[in-house]
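As structure tokens, the structure follows; a few thoughts come after it.
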Amino acid sequence: MAAEWTPTSWRKKKTLQQPSYPDPGRLDVVMEELAHLPPLVTSWEIERLKSQLAEAARGERFLLQGGDCAESFADCTSSAIASKLKILLQMSLVLTHGLRRRIIRVGRFAGQYAKPRSEDQETRGGETLPSYRGDVVNRAPFTRDDRTPNPDLLLRGYERAALTINFIRSLIDGGFADLHHPEYWDLDWVQHSPLADEYHRIVGAIGDSLSFMEQLGGQAIADASRVDYFTSHEGLLLVYEQAQTRRVPHRSGWYNLSTHYPWIGLRTAQPDGAHVEFFRGLANPIGVKVGPGTSPETLVELAEILDPGREPGRLTFIHRFGHQRIAEGLPVLLDAMRRAERRVLWVCDPMHGNTEATASGLKTRRFDNIKSELEQAFEIHADAGSHLGGVHFELTGENVTECVGGARGLTEEDLRRSYHTQVDPRLNYEQALEMALLISRRAAQVPRQSLRVAV
Ligand code: PEP
Ligand code: CO
């Protein structure tokens, strides 16, 4: 029998990756204020997403989750938000076409402000200061003032998240995502891209099917003028998550109303740790990152703690092994879950196991390695009688140069040109669309039975 859960029961467990606030009194005041502000999302939306994720776990839908590694307060601008929305829409259209499944669109946005770090402190030129842990905790410049964790940034983060969500909702309600008007979300670059023809062919095919269906039915398909968009972030900073975890009228349970779909990062996914304790009491659908260090026993234990009721749509495992380790690591995990007779949604994050440093010390990821992990993931799932129900990318709608490779063959020298990420390298818009095209082409060309490799 599990011990009683409360929104603060995590405080009795080992808590990793949290800042140390020099002014706990101010932190209490801020948390109280946060707890009284209106929520960012509602339990209706959360439950709708959960039922869609249950469909994805059964193979009826496919999850597309993507956005920045770390959102920054400075990038809370109309153009950056609209570009992210556009690239996710374009990718989802391509995926719908190739996979013949409805796509669940989830942004890594409106709250992706806290980052795990390998060291608590950073030393430069003899001075040691707290590490930068994301804009909701402290600021990046290396001064004592900037690096001191500041509780007021929790409020600034909440407000930025609210602004982001408000803009996304307005764009969508206003018709921005209308499938009858893909030109609304065409990014300018598409015309000049080597991928342009293929993309426009797909858009054209979808437009044709839509008008055919509408002529047949004699009316517009309302579903085509509006899409759902959900938000997610790593639920790392537990004071922020706790402050917005509430009961709602007419439903049982506690909802984290800061986001629809929080996940636990790889570094904080210990079954006896504070993050797992906190997440087990939430009614939201939740994700957990798993990878080379996750044993099959731990995986099943996590599933038992986080999804004791085997609720459809409740639990997602996001695997991130790296292209060299997935063939060895993933089959064992799939087998453990099969033997435990547990169904979860499996998602591949082909980014975080494939990070490397260039000779000059810049963090990057190679397009071909990301692609290889993704292709192996599809094959390994099919081979195990499971299926990959979604993908998780770090991407941006901007023309950055952070990952090497792709249709334009970006090289290490190109990285200097437009390298902006706060933490991890992201796919730029063109590389992101190319990933969607690859998945889609693969689904169109390869019959399911032949997706077998020796693993
Ligand atoms: C992330 O998603 O940015 C991240 C830190 O991932 P992971 O927990 O898988 O390392
Ligand atoms: Co990252």
Please count how many residues of segment 154-204 are closer than 22 Å to residue 97 by Cβ, in a helix (DSSP H, G or I), touching a helix residue (DSSP H, G or I) at 6+ places or on another chain (Cβ under 7 Å) and of a type outside the set (Phe, Trp, Tyr). 6
Kindly evaluate residue 358 against the criterion of being farther than 22 Å from residue 194 by Cα, within 16 Å of ligand 2 (Cβ to nearest atom) and among the β-branched types (Val, Ile, Thr). no
Selected residue (criterion: nearest to residue 102 (Cα to Cα)) from residues of segment 365-375 that are touching a Pro at 6+ places or on another chain (Cβ under 9 Å) and open to solvent by less than 20 Å² (accessible area, probe 1.4 Å): 374
Extreme residue, farthest from residue 169 (Cα to Cα), among residues of segment 38-85 that are within 17 Å of the chain's Cα centre (by Cα), among the basic types (Lys, Arg) and away from ligand 1 (no atom under 16 Å from the Cβ): 61
Within segment 42-63, the count of residues that are among the hydroxyl-bearing types (Ser, Thr, Tyr) and in contact with a strand residue (DSSP E or B) (Cβ under 7 Å, 6 or more places away or on another chain) comes to 1
If I go through segment 407-443 residue by residue, how many of them are hydroxyl-bearing (Ser, Thr, Tyr) and more than 16 Å from ligand 2 (Cβ to nearest atom)? 4
Check every one of the strands (runs of 3 or more DSSP E) wholly within segment 220-315 and list those with 3 or more residues that are more than 16 Å from ligand 2 (Cβ to nearest atom). 245-247, 254-256
Filtered residue count, segment 124-144, keeping only those that are farther than 23 Å from residue 112 by Cα and among the acidic types (Asp, Glu): 1
May I ask you to list pairs of residues, at least six apart or on different chains, whose Cβ atoms are under 6 Å apart, with the first in segment 251-276 being within 16 Å of ligand 1 (Cβ to nearest atom) and the second being among the aromatic types (Phe, Trp, Tyr) and open to solvent by 10 Å² or more (accessible area, probe 1.4 Å)? 274/10
Would you tally the residues in segment 69-116 being within 16 Å of ligand 2 (Cβ to nearest atom) and at pLDDT below 95? 2
Within the bounds of segment 409-420, is there any residue that is open to solvent by 20 Å² or more (accessible area, probe 1.4 Å), of a type in the set (Lys, Arg), farther than 25 Å from residue 119 by Cα and part of a loop (DSSP other than H, G, I, E, B)? yes
Can you go through 310, 338, 342, 314 and tell me which one is touching a helix residue (DSSP H, G or I) at 6+ places or on another chain (Cβ under 6 Å), more than 16 Å from ligand 1 (Cβ to nearest atom) and basic (Lys, Arg)? 342
Checking 236, 210, 282, 216 in turn, the sole residue that is more than 16 Å from ligand 1 (Cβ to nearest atom), at pLDDT 95 or above and under 28 Å from residue 172 (Cβ atoms) turns out to be 282
Close pairs from segment 346-373: first under 13 Å from residue 416 (Cα atoms), partner open to solvent by 40 Å² or more (accessible area, probe 1.4 Å) and part of a strand (DSSP E or B), Cβ under 7 Å, at least 6 apart: 363/355; 363/357; 364/356
So if I check each of 108, 100, which one is out of contact with any Phe, Trp or Tyr (no Cβ under 8 Å at 6 or more places or on another chain) and within 16 Å of ligand 1 (Cβ to nearest atom)? 108
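Please work out if residue 436 is crowded, with 22+ Cβ neighbours inside 10 Å, modelled with pLDDT of 95 or more, part of a helix (DSSP H, G or I) and not hydroxyl-bearing (Ser, Thr, Tyr).
yes
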Could you tell me whether segment 223-236 includes any residue that is small (Gly, Ala, Ser) and touching a Ser or Thr at 6+ places or on another chain (Cβ under 7 Å)? yes
Looking at segment 311-345, which of its residues are open to solvent by less than 20 Å² (accessible area, probe 1.4 Å) and either within 19 Å of the chain's Cα centre (by Cα) or free of Cβ contacts under 8 Å to residues at least 12 places away in the same chain (or both)? 313, 314, 315, 316, 317, 318, 319, 321, 322, 344, 345
Any residue in segment 376-389 that is buried (at least 22 other Cβ atoms within 10 Å of the Cβ), of a type outside the set (Val, Ile, Thr), closer than 17 Å to residue 68 by Cβ and touching a residue at least 40 places away in the same chain (Cβ under 8 Å)? no
What pairs come out if I take residues in segment 130-158 that are small (Gly, Ala, Ser) and pair them with residues that are surrounded by 23 or more Cβ atoms within 10 Å (Cβ to Cβ) whose C-beta lies under 6 Å away, six or more apart or interchain? 134/70; 134/113; 134/114; 157/113; 157/136
Filter pass, residue 16 being touching a strand residue (DSSP E or B) at 6+ places or on another chain (Cβ under 7 Å), over 22 Å from residue 310 (Cβ atoms) and within 16 Å of ligand 1 (Cβ to nearest atom): yes
Number of the exception - residue 351 against (1) open to solvent by 20 Å² or more (accessible area, probe 1.4 Å); (2) in contact with an Asp or Glu (Cβ under 8 Å, 6 or more places away or on another chain): (1)
Limited to segment 372-399, what total is found for residues that are within 17 Å of residue 424 (Cα to Cα) and either more than 16 Å from ligand 1 (Cβ to nearest atom) or not aliphatic (A, V, I, L, M) (or both)? 7
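The values are calculated or read from the model by the stated rules, or taken from the named source; none is laboratory data. Computed from a predicted structure; not experimentally measured. Heads up, the Cβs are rebuilt from the backbone with ideal geometry, glycines too, and the neighbour counts pull from every protein chain shown. These area figures cover heavy atoms from the full protein model, side chains too; ligands, DNA and RNA do not enter into them. Shrake-Rupley method; radii C 1.70, N 1.55, O 1.52, S 1.80 Å.
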